[in-house]
1. Any residue at all in region 177-186 that's out of contact with any Ser or Thr (no Cβ under 6 Å at 6 or more places or on another chain), open to solvent by 30 Å² or more (accessible area, probe 1.4 Å), part of a loop (DSSP other than H, G, I, E, B) and over 19 Å from Pro255 (Cα atoms)?
2. So the check is Cβ under 7 Å with 6+ separation or different chains; which pairs have a first residue in region 211-224 that's modelled with pLDDT of 95 or more and a second one that's part of a helix (DSSP H, G or I)?
3. Kindly indicate whether Ile342 is out of contact with any Asp or Glu (no Cβ under 6 Å at 6 or more places or on another chain), at pLDDT 90 or above, under 30 Å from Asp265 (Cβ atoms) and among the β-branched types (Val, Ile, Thr).
4. Could you tell me whether any residue of region 217-224 is within 19 Å of Ser258 (Cβ to Cβ) and touching a helix residue (DSSP H, G or I) at 6+ places or on another chain (Cβ under 6 Å)?
5. Can you pull out the residues in region 199-250 that are in contact with a Gly (Cβ under 6 Å, 6 or more places away or on another chain), assigned to a loop (DSSP other than H, G, I, E, B) and under 20 Å from Lys106 (Cβ atoms)?
6. Which of (1) among the polar types (S, T, N, Q); (2) at pLDDT below 90; (3) under 17 Å from Leu263 (Cα atoms) does Gln303 not meet, given it meets every other one?
Amino acid sequence: METLLIVAGSARMLAQAAKSTGLKLLVIDLFADLDTQCYAEDFQQIASLAEQDLAPAVDYFIQSYVVKHVIYGSGFECFPESLRYLYSRLIVLGNHPEVFARQLDKPAFFSTLDDLSIPYPEAAFSAPACTDDWLIKPMQGQGGIGIKHYHANDKAKVPVYWQRFQAGVPHSVLFLADGQQAQVVGFNSQWPIRLSETQEFVFSGVVNCTDLPEEHKAQVADWLKQTVPAFGLRGLNSLDFIHADGCSYVLEINPRPSASMQLYDEDLLVRHIQACEGTVGATSAAQSLALRRLKSPPQIGYQVVYAEQDLIIPSPFEWPPWCMDLPKPGDMCRAGQPICSIIAHQKNSQSVAEQLRAKQQLIISKLKGFDRHGIYSQR
C-alpha cells in the first residue's frame, strides 16, 4: 500500500496520524482545514458525507491516483449508505458497513448487551409516560449532538430513542479489535458541553487518564472481550460508559477511530490497519496497562473550542502551535459550531484541565478582537 484515502466529517486527526507512515495521503472531508491540507497530497472538500456528494470525490481519486485502500472516521452515523458505497469501490480498513450499522440499531444493540449481561441505563423505544429523568437521543448520532433532557412536548425530526438519565462521570476506553479479540489502548475521562436547550451533552474534551479503580477497568475490559466477537468489531474503536456509585454502565460503542486516538502513541494508525487485517499484536491488555503505569506517561488533554457567537475567521490570524483543525480565513463559524481544537500536556489531570481552560480563553479573547466580519476592531 503506497496511497491511502481518508474520508471523514473532519479528517485532520487521521491525516495527521497517517502522515508519519510514509504513505501518500488523499483526503475527503467537509472542512479542508489548513492543517489537513498540509498533511494531504491532495484533498477534496465536499458538502456532506451523503453518497451523492461523496461519490464524485471518491471517483476523482480512483481515476487520478493508484489508490485501493480507505480509512473512514467520524460523520458516517447519518450516512450508512455511504459506507456501503465505499465498501463497493475500495478496500475498507475499518468495520464492515453491516457491523457499523449494528451499533446504530439501538434495539439490537441493547438486546445484545442484555444477552451478555452488560449493564446500561434503561432504554425505551416509545415515549415514556413520565418525563422525569429521561433523555431523548437520535438513533444515528455522534459526539452527543442532539441529546437533551426529554420533555412531553418534544417533537423529534429524526428517529430517536429514550434513555434514563444516569448521573456520574463519563469515561471511554479506546481499544483495538480483530473481530474476536480486544486489546485496550487506554482509559479516558471525557466531558460534554451544553451549547443550547437542544444540545445539552455535546462532546467537549477528553483526557487520557481516569481515577477508575483497577477492578472497574478490568470489568470494562471484560465487556470488550464479550462485545468484540458479539459484534465482530475490527480496528480502533471506543466504548463510552458512565461510572457512578461504584457501578459502570455502557452508553455506546463508536465503531471507528475516536478523538481519544490522538492522546496515545503515534503508531496507532498502523496498529489499526494491522487489526483490520486480523491481528492486534502479541501484547495483552493487562501488559499494556502495566507498561503505561511503569513509564508514567504525561497526561494529555484534547478539547474542542466552540464559537460563542457568529464569526468569520479573520485574515491574517496567528494560530498558536497547540491549535488544530484550523479553519481557513474567511470561513464562517456560527454560534455553537467548532472553531478549532486545542491540546495540552501536563503531569496530572488537574493541570491539563487548567491549561485547556486557559488556552481556550486565549483563543476566544484573540478572536474577540475582530468583528463578526473578520475585521480587526480596537475597542
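1. No, region 177-186 contains no residue that is out of contact with any Ser or Thr (no Cβ under 6 Å at 6 or more places or on another chain), open to solvent by 30 Å² or more (accessible area, probe 1.4 Å), part of a loop (DSSP other than H, G, I, E, B) and over 19 Å from Pro255 (Cα atoms).
2. As it stands, the answer is Ala221/Ala285, since those pairs meet every condition given.
3. Working: out of contact with any Asp or Glu (no Cβ under 6 Å at 6 or more places or on another chain): yes; at pLDDT 90 or above: yes; under 30 Å from Asp265 (Cβ atoms): yes; among the β-branched types (Val, Ile, Thr): yes.
Criteria met by Ile342.
4. Of the residues in region 217-224, the ones within 19 Å of Ser258 (Cβ to Cβ) are 217, 220-221, 223-224.
Right, trim to touching a helix residue (DSSP H, G or I) at 6+ places or on another chain (Cβ under 6 Å) and you get 221.
For region 217-224, residues within 19 Å of Ser258 (Cβ to Cβ) and touching a helix residue (DSSP H, G or I) at 6+ places or on another chain (Cβ under 6 Å): present.
5. Passing the criteria: Phe201, Gly232.
6. Evaluating Gln303 over (1) among the polar types (S, T, N, Q); (2) at pLDDT below 90; (3) under 17 Å from Leu263 (Cα atoms) leaves (2) as the failure.
So that you can scan it fast, the table gives a plain yes or no per residue for (1) touching a residue at least 12 places away in the same chain (Cβ under 8 Å); (2) closer than 15 Å to Ile62 by Cβ; (3) of a type outside the set (Asp, Glu):
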{"position": "Thr3", "(1), (2), (3)": "yes, yes, yes"}
{"position": "Gly9", "(1), (2), (3)": "yes, no, yes"}
{"position": "Ala15", "(1), (2), (3)": "yes, no, yes"}
{"position": "Val27", "(1), (2), (3)": "yes, yes, yes"}
{"position": "Leu30", "(1), (2), (3)": "yes, no, yes"}
{"position": "Asp35", "(1), (2), (3)": "yes, no, no"}
{"position": "Tyr39", "(1), (2), (3)": "yes, no, yes"}
{"position": "Asp42", "(1), (2), (3)": "yes, yes, no"}
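One line per residue, one yes/no per condition, for (1) of a type in the set (D, E, K, R); (2) under 24 Å from Trp319 (Cβ atoms); (3) out of contact with any Pro (no Cβ under 9 Å at 6 or more places or on another chain):
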| site | (1), (2), (3) |
| --- | --- |
| Ala17 | no, yes, no |
| Gly22 | no, no, yes |
| Ile28 | no, yes, yes |
| Phe31 | no, yes, no |
| Glu41 | yes, yes, yes |
| Gln44 | no, yes, no |
| Ser48 | no, no, yes |
| Glu51 | yes, no, yes |
| Leu54 | no, no, yes |
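The values are calculated or read from the model by the stated rules, or taken from the named source; none is laboratory data. All figures in this text were calculated on a predicted structure; none of them were measured in a lab. Methodologically, a virtual Cβ is constructed for each residue, glycine included, from the backbone with ideal geometry; neighbour enumeration extends over all protein chains shown. Side chains are part of the model used for accessible areas, which takes the heavy atoms of the whole protein and leaves out ligands, DNA and RNA. Shrake-Rupley method; radii C 1.70, N 1.55, O 1.52, S 1.80 Å.
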